[in-house]
1. Just name one of Ile49, Leu59, Ile109: the one whose Cα is farthest towards the positive end of the charge dipole of the chain (beta-carbon charges, Lys/Arg +1, Asp/Glu -1).
2. With +1 on each Lys and Arg Cβ and -1 on each Asp and Glu Cβ, and nothing else charged, work out how big the dipole of segment 40-110 is about its Cα centre, in Debye to the nearest 20.
3. What angle do you read, to the nearest 10 degrees and between 0 and 90, between the alpha-carbon axis of helix 12-36 and the longest principal axis of the chain?
4. Working only with C-alpha atoms, what are the Rg and Dmax values of segment 65-110, expressed in angstrom?
5. Mind checking the per residue accessible area of the chain for me, 1.4 Å probe, whole number of Å²?
6. Once you treat every alpha carbon in segment 40-96 as an equal point and sum by Debye, what is log10 I(q)/I(0) at q = 0.18, 0.20 Å⁻¹?
7. Carbon-plus-sulfur fraction of the accessible area of the chain, 1.4 Å probe, in percent?
8. As an exercise, take the mean of 1/r over every pair of distinct alpha carbons in the chain, invert it, and state the Kirkwood radius in angstroms.
Amino acid sequence: MKINDKKMGNTFVKRICYYLALLNLIDGILTYIGLKLNLIEEVNVLMKIIYEAEPVYFLIVKTLLSILLFVLCFYQKIPNNFRMKTISLVGATLYTIVMFIHVYWIIVII
């Protein structure tokens, strides 16, 4: 059964983009907390440099990236073809795994 994307209001890829924007924002907050409490290390080299320069910049950059992705998804036409569906689904899956890692270290601490 194929779901008609027009009836759903957004394409599958757009919904995944919104999901990624939300995950990025949550990831930023949880990573910031984990870094501040010395519970985790940032593995993204660029974000590590930003955090080491000024921790608040880290939060600002993550928030702005989430807002930018959300706005781009909202205002731009995003192809809803197989390639984009695959790329967005793989990205969402990997980022969801990262979120499970965050949940794991939160549970271990509590």
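The values are calculated or read from the model by the stated rules, or taken from the named source; none is laboratory data. This structure is a prediction, so every number in the text was calculated from the model and none was measured. We place every Cβ from the backbone using ideal geometry, glycine too, and count neighbours over all the protein chains shown. Each accessible area value is taken on the protein alone, full model and side chains, heavy atoms only, with ligands, DNA and RNA left out. Shrake-Rupley method; radii C 1.70, N 1.55, O 1.52, S 1.80 Å.
1. So the residue furthest toward the plus end is Leu59.
2. 480
3. It is inclined by approximately 0 degrees.
4. Radius of gyration, then largest Cα-Cα span, for segment 65-110: 14.6, 43 Å.
5. 72
6. With one equal scatterer per Cα and no solvent, log10 I(q)/I(0) is -0.81, -0.90.
7. 72
8. 15.3
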